Amino acid sequence: MQLRSKCIVLPLLGLCIFASRGFTLQHTATLKSFDELRIECSRYLPPVDALNNIKDCSDRCLGLVGRFWNDSISRTVYSVNRFYQPDSCDQDNLDRTEQCLCETVQSLPRNASCQRASCSMQCYQDQFGELINQKPQFVPVSKLRSAQIMSDCAQVLQISQDTVRQILHDGYNNTCEGRCLVRCYLIRAGLYSDRWGPNIARFSVQCEGYADEYERSVTDCYAGLKAQQLDKCTLAARFYDECILSNEYSNSNMDVIAALGGSL
């Protein structure tokens, strides 16, 4: 396929097109239910043994594997709510959950991470909503996985390491190869497709978007870019740059530049 800037890019390998939007393009996206997180952690952790000072760290493990626990601040992040179903008539569940976290978790020392994780999970279970055990949910892409996805994309698109270094120097938006790398990354991560655009629910989890304003702002931003009739790579790259990185309603931890550097 020849783009306007004369940059030749090979088609992405393994893309499948489904007739219904109900079928999503998963690519390397990871989906896990709460029950699956429990099973996985049970394989990793040793049995609790008070005599040998082996504490119950199962809740912290759940958060790490599901990527809703932040060890640097020793508390859950907002995206944990995807595993819970609030009562539609309950308008105060978030406030009660936050109050519970402040009263229980914040009173514990930061290095008591296992205990803080258990208290956090109890707050969500008691105050936020009903735990949904069996429904798989999107697990955010880690920094290590991001670097691997970017490396895979560079290989698929036949972009050399020297060119990747040049993209890092010049900025991904300034070259056709850079924009197409960003598009490939978003697709491979299961966050975006040319046909349907961004999976906003997954972006909300990946970037810790909060409140309805996040989804609304991303939707409006993408619609504005889509109306400009941009080529596929430019649309994806500008969407990431203008709708995700610049979004004021998220605590974005999604760094394509870091992933690009880590792919070398």
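Computed quantities for the displayed model
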item: Karplus (6.51, -1.76, 1.60) ³J(HN,Hα), θ = phi - 60°, over segment 231-239, in Hz, Gly and Pro reported as x; result: 5, 4, 5, 5, 4, 5, 5, 5, 4
item: Under 5 Å, built H, 5+ apart or other chain: amide partners of Gly209; result: Asn251
item: Percent of C-alpha pairs per 10 Å bin, segment 104-222, short to long; result: 11, 27, 30, 18, 13, 1
item: For segment 25-148: rounded, prolate or oblate by the Cα gyration tensor [a/c cutoff 1.5]; result: oblate
item: Derived scalar couplings ³J(HN,Hα) [segment 69-78; Karplus, 6.51 cos²θ - 1.76 cosθ + 1.60; whole Hz; x for Gly, Pro]; result: 10, 10, 5, 5, 10, 6, 7, 6, 9, 4
item: Highest-fluctuation residue, Arg96, Arg116, Arg179 considered, GNM on the chain with Cα pairs under 10 Å; result: Arg96
item: Helix axis angle, 143-156 relative to the chain longest principal axis, alpha carbon, degrees; result: 20 degrees
item: Heavy-atom surface of segment 143-262, accessible at 1.4 Å and reported per residue (Å²); result: 45 Å²
item: Among Tyr84, Tyr44, Tyr210, residue whose mean-square fluctuation peaks in a GNM of the chain (springs only between Cα atoms under 10 Å); result: Tyr44
item: Selected from Asp152, Asp241, Asp231 as most flexible by GNM, with the chain as the system and alpha-carbon contacts under 10 Å; result: Asp231
item: Extent along principal axes [Cα atoms of the chain; Å; largest to smallest]; result: 66, 44, 34
item: Reachable aspartates and glutamates from Lys143, criterion Cα separation under 16 angstrom, eight or more residues apart if same chain; result: Asp71, Asp152, Glu208, Asp255
item: Net lengthening on full extension, Thr219/Thr28 (0.36 nm per residue, minus Cα-Cα); result: 66.4 nm
item: Helix-only [θ]222 nm of the chain, DSSP H runs n ≥ 4, -39500 (n - 2.57) each, per residue, nearest 500; result: -13000 deg cm²/dmol
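The values are calculated or read from the model by the stated rules, or taken from the named source; none is laboratory data. From a predicted model like this one, the values you see are computed outputs, not experimental measurements. What goes into the accessible areas is simple: the full protein's heavy atoms, side chains included, and nothing from ligands, DNA or RNA. Shrake-Rupley method; radii C 1.70, N 1.55, O 1.52, S 1.80 Å.
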